[in-house]
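The values are calculated or read from the model by the stated rules, or taken from the named source; none is laboratory data. This one's a predicted model, so the numbers in the text were calculated from it and none came from an experiment. Quick reminder, even Gly has a Cβ in these numbers, built from the backbone with ideal geometry, and neighbours come from all protein chains shown. The area values use the complete protein model at the heavy-atom level, side chains included, leaving out ligands, DNA and RNA. Shrake-Rupley method; radii C 1.70, N 1.55, O 1.52, S 1.80 Å.
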Amino acid sequence: MSAFVLTLVTCISTPYAVKAGSAPSTTTGGASVKGVVKFEGTAPQPKPISMSADPSCARQHPAPVLMQDVMTDSKGDLQDVVVFVAEGLGDRTFDAPTQPAVVEQKGCMYQPHVLAVRANQPLHVVNDDPTSHNIHPTPANNREWNKAEPPGTSLDESFAREEIAIPVKCNVHPWMHGYVAVFKHPFFAVTGKDGSFDLSSLPPGTYTIRAWHEKLGTSTQTITIGANETREISFVFKAM
């Protein structure tokens with residue numbers, strides 16, 4: 001089973017860069033929750049992907065391509081973890097951004113592998129490959145769609161309801177899979193290679209913060225944070 005360890009540090013808030021699509025600009029009295037996600041123990045060895053079924057895909061990768069299920073660095077920093085406010089915002093509502101989030105099909109892989117968007121935010125899906133793809137999200141709480149994309153084309157879609165997270169596959173290339181997490185609020189982040197996240201401009205209050213990983217499960221913790229305050233938290237996952 002997945003497990004986590006949480007540490008808290010309270011300090012005076014300082015301005016942080018806000019990642020596009022993750023949080024609104026800083027407001028007076030806004031709080032921040034930031035930190036890092038780690039993997040403890042020996043990470044599973046990523047399995048190689050065979051793209052021999054489509055030579056146009058294989059030709060784009062002179063080196064072996066590995067699955068992206070559990071991605072860590074030498075320090076145990078864990079990538080592609082969705083960290084978000086799960087509870088505590090009450091009946092607050094937030095307008096969806098008009099700027100689209102982008103998924104690229106490049107090298108017959110999804111880039112990024114895990115994407116987080118807002119409900120009703122435009123999702124722009126691009127095919128940069130010299131072969132056709134068939135992008136097929138399989139949601140449980142949203143409308144399912146399945147669309148072909150010839151080389152060099154793009155399409156636009158959206159998801160109307162919150163869902164963490166929607167599996168996405170390509171019906172043409174079975175090794176292609178990714179996830180789209182959909183939120184009704186702007187307080188979320190996806191960890192990069194260094195495992196870090198930053199949830200900025202939160203209203204003061206008590207929140208349940210959750211970390212989700214496609215293979216390692218979820219971890220949650222409740223914290224209380226005041227105006228102009230920053231809390232640092234660390235999630236540590238273990239192999240299931």
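Any chance you could count how many residues in the stretch 117-164 are among the small types (G, A, S), touching an Asp or Glu at 6+ places or on another chain (Cβ under 8 Å) and either farther than 22 Å from H213 by Cα or open to solvent by 20 Å² or more (accessible area, probe 1.4 Å) (or both)?
Filtering the stretch 117-164 for residues among the small types (G, A, S) gives 119, 132, 140, 148, 152, 154, 158, 160.
Filter once more, so that each one left must be touching an Asp or Glu at 6+ places or on another chain (Cβ under 8 Å): 119, 132, 140, 152.
Adding the requirement that they be either farther than 22 Å from H213 by Cα or open to solvent by 20 Å² or more (accessible area, probe 1.4 Å) (or both) leaves 132, 140, 152.
Summing the residues that are among the small types (G, A, S), touching an Asp or Glu at 6+ places or on another chain (Cβ under 8 Å) and either farther than 22 Å from H213 by Cα or open to solvent by 20 Å² or more (accessible area, probe 1.4 Å) (or both) in the stretch 117-164 gives 3.
Kindly provide the set of residues from the stretch 136-158 that are over 18 Å from A101 (Cα atoms) and aromatic (F, W, Y), ordered by number.
Matches in the stretch 136-158: none.
Report yes if H213 is over 24 Å from R92 (Cα atoms) and open to solvent by less than 30 Å² (accessible area, probe 1.4 Å), otherwise no. Reasoning before the result, please.
Working: over 24 Å from R92 (Cα atoms): yes; open to solvent by less than 30 Å² (accessible area, probe 1.4 Å): yes.
The answer is yes for H213.
Restricting the first residue to the stretch 64-87 and requiring it to be more than 14 Å from Y179 (Cα to Cα), which pairs with a second residue that is acidic (D, E) and assigned to a loop (DSSP other than H, G, I, E, B) meet a Cβ separation below 7 Å and a spacing of at least six or different chains?
M71/D80; D77/D194
To keep it simple, each residue is scored yes or no on (1) in a strand (DSSP E or B); (2) closer than 30 Å to E144 by Cβ.
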site	(1), (2)
H173	no, yes
A189	yes, yes
S200	yes, no
R210	yes, yes
T220	yes, yes
T230	yes, no
V236	yes, no
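Report, by residue number, each residue of the stretch 91-121 that is in a loop (DSSP other than H, G, I, E, B), small (G, A, S) and modelled with pLDDT of 95 or more.
Applying the first criterion (in a loop (DSSP other than H, G, I, E, B)) to the stretch 91-121 yields 91-100, 107-108, 112-113, 119-121.
From what's left, small (G, A, S): 96, 107, 119.
G107, A119, listed by residue number.
Of all residues being among the hydrophobic types (A, V, I, L, M, F, W, C) and surrounded by fewer than 13 Cβ atoms within 10 Å (Cβ to Cβ) in the stretch 55-103, which is farthest from I164 (Cα to Cα)? Just the residue, please.
Filtering the stretch 55-103 for residues among the hydrophobic types (A, V, I, L, M, F, W, C) gives 57-58, 63, 65-67, 70-71, 78, 81-86, 89, 94, 96, 101-103.
When the remaining residues are screened for being surrounded by fewer than 13 Cβ atoms within 10 Å (Cβ to Cβ), the result is 63, 66.
Working: A63: 33, L66: 24 Å.
Looking at residues that are among the hydrophobic types (A, V, I, L, M, F, W, C) and surrounded by fewer than 13 Cβ atoms within 10 Å (Cβ to Cβ), I get A63.
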